[in-house]
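Only one structure is covered here, and it is reproduced in the block below.
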Amino acid sequence: MLKLQNNWLKYVAVAMVLMLVLGGCSIGTKEADGNATGTTTEGVGGKSSQGGELSYALATSPDTLDPHRSGLAVSVRVIRTLYDSLVVQLPDHTIGPWLATEWTVSPDAKSYTFKLRQDVKFQDGTPFNAEAVKYNFDRIINPETKAANAQALLHPYKSSEVIDEYTVKLNLETPSQAFLGNLTQALLGLVSPTAAKKDGEQFGKNPVGTGPFKFVKWDENAEIVVERNDDYKWAPAIVDNKGAAYLDKITFKIIPEEATRIGSVQSGQVHAAETVPPQNVASIKGDSNFQLLQVNTVGLPYTLFFNQRRAPWNDPKARQAVQLAVDVDSIVKTLYLGTYERAWSPLSPGILGYNESLENSIKPDVDKANQLLDELGWARGADGIREKDGKKLTIQYVDGSPNREKRNDIAAIVQQQLKPLGIDVKVEITKDVQTVVYINGDYDLYGNNQVNSDPNGLYWFYHTSAPNAAKLSISGSADPELDKLLEQGLVESDQGKRIAIYKTIQKNIIDKALILPIYVFPYTVAASNAVKDVKFDTLGYPLFNDVNLLK
Amino acid sequence: MGRSIITRLFTSLFVVLGSLILVFCILYLLPSDPVLMMIDPSSATPETIANLRHQLGLDRPFYIQFASYFNNIIHGDFGNSMMNSEPVLPKILKHFPATLMLTIASSIIAVIVGVLLGVLSAIHRNRWIDIVARIVGLFGISMPTFWTGILLILLFSIQLHWLPVMGSDGFKTLVLPAITLGIVGAGFIVRMVRNSMLEVIHEQFIVTLRSKGLSERAIMYQHALRNALIPAITMMGVLIGEMLAGAVVIETVFSRQGIGRIIADAIMAKDLPVVQGVVFFSAIIYIIVNLIVDISYTYIDPRVRRAH
């Protein structure tokens, strides 16, 4: 009897392994001939067609569709379809017209006067004019609105003056070269004053803008539906189609589980899905039924910041030892299988002033690293961990949970790589980075990134006193030279000089080993071949104005 | 018998009160600050934080916070979501039907598969059907649902294109999640029914029935099964709890709507009123189901009826 049972168990084990293998194969080797992906068309190269409904899977649920109150990248992907901005950032980093046709800057650089388009209407019929612009920006700085990132982006905005119906003047507290660039961001998109006043707190569930798509419905945790705005004729220069969109509708499906999300594209249930895990990137690329769209996000790459408020990491030599000992190349290659680019600078490629001379500037050198720590007087103890004055050499490494983009795995590898150097890395994965990092400052190394349209994003991370003075910067920098450069970068109006300033800043940060830049996050979309002409703005957010579906 | 039901109702009320206190305390004692989760800490001033905390009543002493929470709950007010100010109870009620559908569908699968296999395996002990039943039992109890779910998706949706990968609209989208969750329940029931059938089969009254010349079939299905089902019904009460908990994972894997998804999101966002609301709501459902199970004994098992 026992023998019989064992045999049965063997068969079942074999059957289960087979099931696994079959399942695994289904991702890797789907034949190109007609499987049941109803939306996939064999012929490539058809021409743009009017109509159709695009289904696009998002990785998480947006928090709100009120641009002024949201702070999530995933929300921006929907928000960008509903709202337009005053100006647009062009691929060469210059600013182009959108809802504003032209603008002038006062000699003291403290006020911007915008001439507005006169043919624009919000989707609820409210006219778009200077009053509407004033309402929007005043709404953001009004504490009642509980604005999130928009408030930081709009800084140092003070007030608006309506000059005439289609001319508005924005006044700033202090000059800021980042201001115009920030106005291009979707989070400073323009909402209908009528709708925002009427719906108040619930505006985020009943959004109204001037964008190429109108809001239809939001089924929580299921889908958000938007439909074409037929009146649309004010598209920015970064898309080809200047009129109403080709698509009738876009359904944003919310599918948090990555295997399910990619599976929905492979089974033909949705046209496209965002954030493709590295292990699926190769199989999507290798499958002729699907395409992989990929664009690097712009701003600050995923970076490990030293907390310079804590010894010994306030010493550049100690930081340099870590910089030389961590093999970032092997981390990025191991975890992302060649699908992510390694970061070299505090800024990501593609942003104004990116310093490409930093690329390949640092090679791992464990001997040199050991030598630096020896010089500082950290001697190895019995357990191999270095000690000085009875204190062990440790790094409190904090990262936010959950394991977004395998960040927790980065922590584990850094821990392993620093052990031979005699550094004991304690990894703390916490959801509550607000308390641990921002309030208690209880970390030596902390990982973060930021999507940003302007290199001034560095200010918040490296300046001694962040503008709000409420919090200290993550890096805990207190470097007068760096402060001065960041201040100059904020106000320098000559673009050439500004680029030079930011190149110096980046070099300074790396030379002083203030950070370990790790990877540039690519926004990836797996899509059926039927989906054509998805474009991306300079920050890496998708634009659906030109999108059409092959029939 | 009427008195026993009233006693049970009273006990249940105490359990409800207990769970309410527990839910409130656990979340109150958590070390992190919900206010800081709501705002961007890089741009907020201490005054903004203090104002918001005051607005939400989080600066009041523990017992006052609890008293006002308790008072609101009694009046059907579960509070508003911290993320988007949406009232919690309507939100739960809106999403509960989807979870209820999933729970019912998987319970049906669990009961049919579980009882059938359990009885067959006890009757045909050590034959192939018994071994299949034991494997189903082991599989159901030990396989993590997200893993089973993804395997089913790979096979039935991506490979065979029979069923949709995700969604919560219509019967087709219910099949895979219900099977995934049903397997878990079936695992528990198979083991329970098999064991109690084996016990019953060896009891004196079965021997008596045999000696009276009843057919083996009649003995098994009319007499043995009826007795063996009693522990299985108790099991159902516990299983409903398992299913509600399982919904958290299943609804995420299959991208379904439901209260499991809501609580998963709320926990991530530290949206206290929503977490409290869903946990308390689930506790009430669990208590009601177990009350029904308790009462139903009196009808199924004459011994319980006679005891009162």
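The values are calculated or read from the model by the stated rules, or taken from the named source; none is laboratory data. Every value quoted in this text rests on a predicted model; they were computed, and no experiment measured them. Don't worry about glycine lacking a Cβ; one is built from the backbone with ideal geometry, like all the others, and counts go over all protein chains shown.
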Can you name the condition, by its number, that A:Asn280 falls short on among (1) within 14 Å of chain B (Cβ to nearest Cβ); (2) of a type outside the set (Lys, Arg); (3) over 22 Å from the mean Cα position of the chain (by Cα); (4) buried (at least 21 other Cβ atoms within 10 Å of the Cβ)?
(3)
Could you pull out every one of the helices (runs of 4 or more DSSP H) wholly within segment B:136-229 that has 2 or more residues that are in contact (Cβ under 8 Å) with a residue 24 or more places away in the chain and more than 10 Å from chain A (Cβ to nearest Cβ)?
B:145-152, B:172-201
Over segment A:107-118, the set of residues at negative phi and either modelled with pLDDT of 95 or more or surrounded by 14 or more Cβ atoms within 10 Å (Cβ to Cβ) (or both) is A:Lys110, A:Ser111, A:Tyr112, A:Thr113, A:Phe114, A:Lys115, A:Leu116, A:Arg117, A:Gln118
Scan A:Val525, A:Val534, A:Val547, A:Val520 and give me the residue that is within 25 Å of the chain's Cα centre (by Cα) and more than 26 Å from A:Gly338 (Cα to Cα).
A:Val547
Of the numbered conditions (1) at pLDDT below 95; (2) away from chain B (no Cβ under 13 Å), A:Ile262 satisfies every one except a single condition; which is it?
(2)
Taking segment A:342-362 as the region of interest, how many residues are closer than 19 Å to A:Leu539 by Cα and surrounded by 17 or more Cβ atoms within 10 Å (Cβ to Cβ)?
13
Only residues in segment A:100-120 that are of a type in the set (Ser, Thr, Tyr) count as the first member; pair them with residues that are in a loop (DSSP other than H, G, I, E, B), Cβ under 7 angstrom, at least 6 apart or cross-chain, and list the lot.
A:Thr101/A:Arg117
Kindly indicate which of B:Asp59, B:Asp77, B:Asp130 is farther than 30 Å from A:Lys205 by Cβ and among the charged types (D, E, K, R).
B:Asp130
By residue number, the members of segment A:48-73 that are within 27 Å of A:Lys197 (Cβ to Cβ), in contact (Cβ under 8 Å) with a residue 40 or more places away in the chain and of a type in the set (A, V, I, L, M) are A:Leu65
So is A:Val427 surrounded by 22 or more Cβ atoms within 10 Å (Cβ to Cβ) and either within 14 Å of another protein chain (Cβ to nearest Cβ) or not in a loop (DSSP other than H, G, I, E, B) (or both) or not?
no
Quick one: in segment A:363-387, of everything that is in a strand (DSSP E or B) and touching a residue at least 24 places away in the same chain (Cβ under 8 Å), which residue is nearest to the chain's Cα centre (by Cα)?
A:Arg386
Filter segment A:400-418 down to the residues that are among the basic types (Lys, Arg) and either at positive phi or in contact with a strand residue (DSSP E or B) (Cβ under 8 Å, 6 or more places away or on another chain) (or both) and list them by number.
A:Lys406, A:Arg407
Out of A:Tyr397, A:Tyr336, A:Tyr340, I need the residue that is more than 30 Å from A:Gly286 (Cα to Cα) and either in contact with a strand residue (DSSP E or B) (Cβ under 8 Å, 6 or more places away or on another chain) or among the aliphatic types (A, V, I, L, M) (or both). Which one?
A:Tyr397
Restricting to segment B:248-279, and then to whatever is part of a helix (DSSP H, G or I), of a type outside the set (A, V, I, L, M, F, W, C) and in contact with a Lys or Arg (Cβ under 9 Å, 6 or more places away or on another chain), can you tell me which residue is farthest from the other protein chains (Cβ to nearest Cβ)?
B:Gly277
Does segment A:146-176 hold any residues that are hydroxyl-bearing (Ser, Thr, Tyr), modelled with pLDDT of 95 or more and more than 25 Å from A:Gly204 (Cα to Cα), and which are they?
A:Tyr166, A:Thr167
Check A:Leu486 against each of (1) crowded, with 23+ Cβ neighbours inside 10 Å; (2) in contact (Cβ under 8 Å) with a residue 60 or more places away in the chain and name the one condition it does not meet.
(2)
Just the residues that are basic (Lys, Arg) and not in a strand (DSSP E or B), please, taken from segment A:500-551.
A:Lys503, A:Lys507, A:Lys512, A:Lys551
Is there a residue being small (Gly, Ala, Ser), buried (at least 20 other Cβ atoms within 10 Å of the Cβ) and more than 22 Å from the chain's Cα centre (by Cα) anywhere in segment A:161-179?
yes
Looking at B:Thr180, B:Thr208, which is the one that is surrounded by fewer than 15 Cβ atoms within 10 Å (Cβ to Cβ) and either out of contact with any Lys or Arg (no Cβ under 8 Å at 6 or more places or on another chain) or of a type in the set (Gly, Ala, Ser) (or both)?
B:Thr208
The lone exception for A:Ile474 - which of (1) closer than 28 Å to A:Ala109 by Cβ; (2) β-branched (Val, Ile, Thr); (3) in a loop (DSSP other than H, G, I, E, B) it fails:
(1)
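Condition check ((1) farther than 22 Å from B:Ile288 by Cβ; (2) in a helix (DSSP H, G or I); (3) within 13 Å of chain A (Cβ to nearest Cβ); (4) more than 22 Å from the chain's Cα centre (by Cα)) across all residues:
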residue	(1), (2), (3), (4)
B:Phe66	yes, yes, no, yes
B:Asn72	no, yes, no, yes
B:Asn84	yes, no, yes, yes
B:His95	no, yes, yes, no
B:Ala98	no, yes, yes, no
Please enumerate the residues belonging to segment A:134-156 that are within 14 Å of chain B (Cβ to nearest Cβ) and touching a strand residue (DSSP E or B) at 6+ places or on another chain (Cβ under 6 Å).
A:Pro156
Please go through segment B:38-64 and pick out each residue that is outside any helix (DSSP H, G or I) and modelled with pLDDT under 75.
B:Ile39, B:Asp40, B:Pro41, B:Ser42, B:Ser43, B:Ala44, B:Thr45, B:Leu56
Keeping to segment A:385-423, report how many residues are within 14 Å of chain B (Cβ to nearest Cβ) and of a type in the set (Val, Ile, Thr).
1
Provide a single number: the residues in segment A:401-437 that are over 27 Å from A:Ala379 (Cα atoms) and not hydrophobic (A, V, I, L, M, F, W, C).
14
Would it be correct to say that A:Gly441 is over 25 Å from A:Glu356 (Cα atoms) and in the same structural domain as A:Ala318 (by TED's automatic domain parsing)?
yes
Only residues that are within 29 Å of A:Val433 (Cα to Cα) and buried (at least 21 other Cβ atoms within 10 Å of the Cβ): list them for segment B:231-247, please.
B:Gly246, B:Ala247
